[in-house]
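A.B. asks: If you scroll down you'll find the structure; I have some questions about it.
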Amino acid sequence: MPERLEQSAAGRFDTVLIANRGEIAARIQRACRELGLKTVAICSEADRHAPYGKTADSFLCIGPSTAAKSYLNQDAILLAARLAGAGAVHPGYGFLSENAAFSDAVEKAGLTFIGPTASSIATMGDKISAKRAMIAAGVPCVPGPDTALPDDPATIEHIALEIGYPVIIKAAGGGGGRGMRVVPKADVLHEAIALTREEARKAFGSPSLYMEKFLQHPRHIEIQVICDDHGNAVWLGHRDCSMQRRHQKVVEEAPAPGIAPDIIQPVGLACVQACLQIGYRGVGTFEFLYEDGAFYFIEMNTRLQVEHPVTELTSGVDIVQAQIRAAQGHGLELNQGDVTCEGHSFECRINAEDPETFLPSAGVVTHLALPAGPGIRVDTHIHAGYKVSPYYDSLIAKLIVHAPTRAEAMTRMREALADTEVEGISTNIPFLRALFEDDAFSRGETDIHYLEQWLKLRRAA
Ligand code: MV4
C-alpha cells in the first residue's frame, strides 16, 4: 500500500493509462515505452482486437461499443486505472481530453492528468474567458468585445455597428465550428442572436454569446506550445490547417507557407507569454485566423492535436514525450533558442469514408500496403484483417512526409499516396491524390473555404 501511495503522488508515475483508441492510443503507447513507462490500454467491446491492446502491459475492456458507455465513461476509466495500478491518465484527443471535470476527477483520485489543470481547460473552454486571457497577454484577437453580449437590443446593435458588418455570433461554450452564425447586415441581427442563443442553450447548457468581426477569406494558422511546471514555455513553430471540410481538417502542413519569420515571431512570443500568465502546463495550440497579413486569435486547444506530427518533423521535438515529461514535473529540455524549423512537412488524414459522399465506410480491411522510405511516417493502428468499426471517428491512418522544401514534400506525398493501398473499405485516398495535383494548393494559395469550393467544382465537372 505505501508503494501505491508513492506511485500515485501527482507528477510521479511509472504506469500510464491511455484513455483513448485508434492511432493516437498506439502513438501514446510508443512514447510511454520509449520513456520507460508501463502502459494500460483500454477498449470498448468494438475494439477488443485492437493491436495496441496486445503490446500494452495491461489491457482492459471498460464497456460497450457506444463511446458514451466506454471512452466517455469517467468512472469506468478511473476504475480501470485503479485496477491496473496506473499513476497517470493520458486522454489523447477528442473524448475526455478537454473535459475540465475529468481532469479534476483524475487528480482527485490521486492520479496525474497528462494535460493542463482543470482550471486552464475551463478558462479556454469558455471562449470569452479565453479571449480575455489572450488580450491580457497581448495576443492579437479578432475585433469585438471580450464580454458576453448583453440582452438590450440597442446596445447589441451599437456593438455590431462599432465592429462593422459582417459580424459573427459565437457561443461562449462552442468552438471547433459549433454554435456560430454569420450576420451579413443589421436587419437579421436579432434573429441570428435568438437562434444561436437557443442552440447554445441546448448544445452547451449556456446561452452566453459573443460577437466578432467576420473575416471572409482567412487562412487557419496555429501555433504549438509546450510548457513545464517551472515557468518555462516555448513555441514550436506554426502549422497551416486551412484545408478542411465541415470543420474537419483533411491536410495539414508545417510551416504555414508564405509567412515570413519576422511576422509570426511576435505572435509566437505572445502565445508563450499567455501560457506563462495563465500557468499553463503541457502541450497546447493557439488557433488563429490569418488575413491580409494579420493574425487574429480565435481559440486555444488544451490537448495534443491530431496534426502534431507535422510539427514533430519540422522541429525535431517528440511532442508526446515532452508532454508526458512535463506531466511528470520535469523541466523542459529546450529553450526557445534551441527551437528550429527545418524543411517542410505535410499530413494527410486517411479516413474510412466514401470518397464522393463522405459517409463513413465500416468493414474489414482485406489488403493494406503502406508507403515507407526517407521522410515518410505513417501513424496508424490498422493492419490487413482489421475491422473498421462504425462507432467512432473515421480516421484510420495519418500519412506524414518531411522534405527539405515544400515542393519536395508535395512530391514525396504524391508518391507516398501512390504507394498506399487500402482494400475492403472505401477511403478518401483518391480524393487526397487529386488534391495533391491541384495548382492553387501547390502554390500555397488557399484559404479556409478553398477545399469546399474545390469539391463543389469537382462535383459539377
Ligand atoms: C471565424 C471565422 C471568421 N471570422 N471567426 C470556425 C471554427 C472555429 N474554430 C472558428 N471558426 C471560424 N471563426 C471570425 N471572426 C471563420 C471560421 C471558420 C473556419 C475557421 C477555421 C477553419 C475553418 C473554418 C471554416 C469555416 C469558418
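A.B. asks: List the strands (runs of 3 or more DSSP E) inside the range 7-111, counting only whole elements, that have at least 3 residues being open to solvent by 10 Å² or more (accessible area, probe 1.4 Å).
C.D. replies: Those strands (runs of 3 or more DSSP E) span 58-63.
A.B. asks: Continuing with the same structure: Does the range 405-435 hold any residues that are among the small types (Gly, Ala, Ser) and either farther than 22 Å from Leu451 by Cβ or in a strand (DSSP E or B) (or both), and which are they?
C.D. replies: Correct list: Gly424 only.
A.B. asks: Hey, Ala133 hits all of (1) away from the ligand (no atom under 16 Å from the Cβ); (2) free of Cβ contacts under 8 Å to residues at least 60 places away in the same chain; (3) of a type outside the set (Ser, Thr, Tyr) but one; which does it fall short on?
C.D. replies: For Ala133, the failing item is (2).
A.B. asks: Here's a follow-up. Out of Ala122, Ala136, report the one residue that is of a type in the set (A, V, I, L, M, F, W, C), out of contact with any strand residue (DSSP E or B) (no Cβ under 9 Å at 6 or more places or on another chain), open to solvent by 20 Å² or more (accessible area, probe 1.4 Å) and farther than 16 Å from Asn301 by Cα. So that I can check it myself, show each step before the final result.
C.D. replies: Numbers: Ala122 fails: farther than 16 Å from Asn301 by Cα.
One residue alone meets the criteria, Ala136.
A.B. asks: If you take the residues in the range 285-320 that are within 16 Å of the ligand (Cβ to nearest atom) and in contact with a Cys (Cβ under 7 Å, 6 or more places away or on another chain), which one is most open to solvent (accessible area, probe 1.4 Å)?
C.D. replies: Per the stated criteria, the residue is Tyr296.
A.B. asks: Report, by residue number, each residue of the range 213-271 that is more than 12 Å from the ligand (Cβ to nearest atom), at positive phi and surrounded by fewer than 18 Cβ atoms within 10 Å (Cβ to Cβ).
C.D. replies: Passing the criteria: Gly231, Gly258.
A.B. asks: What number of residues within the range 324-349 are free of Cβ contacts under 8 Å to residues at least 24 places away in the same chain and open to solvent by less than 30 Å² (accessible area, probe 1.4 Å)?
C.D. replies: 0
A.B. asks: If you don't mind, another one. Could you say which residue among His402, His383 is in contact with a Ser or Thr (Cβ under 7 Å, 6 or more places away or on another chain) and either outside any loop (DSSP other than H, G, I, E, B) or surrounded by fewer than 21 Cβ atoms within 10 Å (Cβ to Cβ) (or both)?
C.D. replies: Residue meeting the stated conditions: His402.
A.B. asks: What pairs can you find where one residue is in the range 170-188 and in contact (Cβ under 8 Å) with a residue 40 or more places away in the chain and among the small types (Gly, Ala, Ser), the other is within 11 Å of the ligand (Cβ to nearest atom) and open to solvent by 30 Å² or more (accessible area, probe 1.4 Å), and their Cβ atoms are less than 8 Å apart, with a gap of 6+ or different chains?
C.D. replies: Ala171/Arg178; Ala171/Met180; Gly174/Met180; Gly176/His247; Gly177/Arg246; Gly177/His247
A.B. asks: Considering only the range 367-380, state which residues are in a strand (DSSP E or B) and out of contact with any helix residue (DSSP H, G or I) (no Cβ under 7 Å at 6 or more places or on another chain).
C.D. replies: His367, Leu368, Ala369, Val378
The values are calculated or read from the model by the stated rules, or taken from the named source; none is laboratory data. These numbers come from a predicted model, not from an experiment. Here Cβ is always computed from backbone atoms with ideal geometry, including for glycine, and neighbour counts include all displayed protein chains. The protein model used for the area step is the full one, side chains on, heavy atoms only, and it has no ligands, DNA or RNA in it. Shrake-Rupley method; radii C 1.70, N 1.55, O 1.52, S 1.80 Å.
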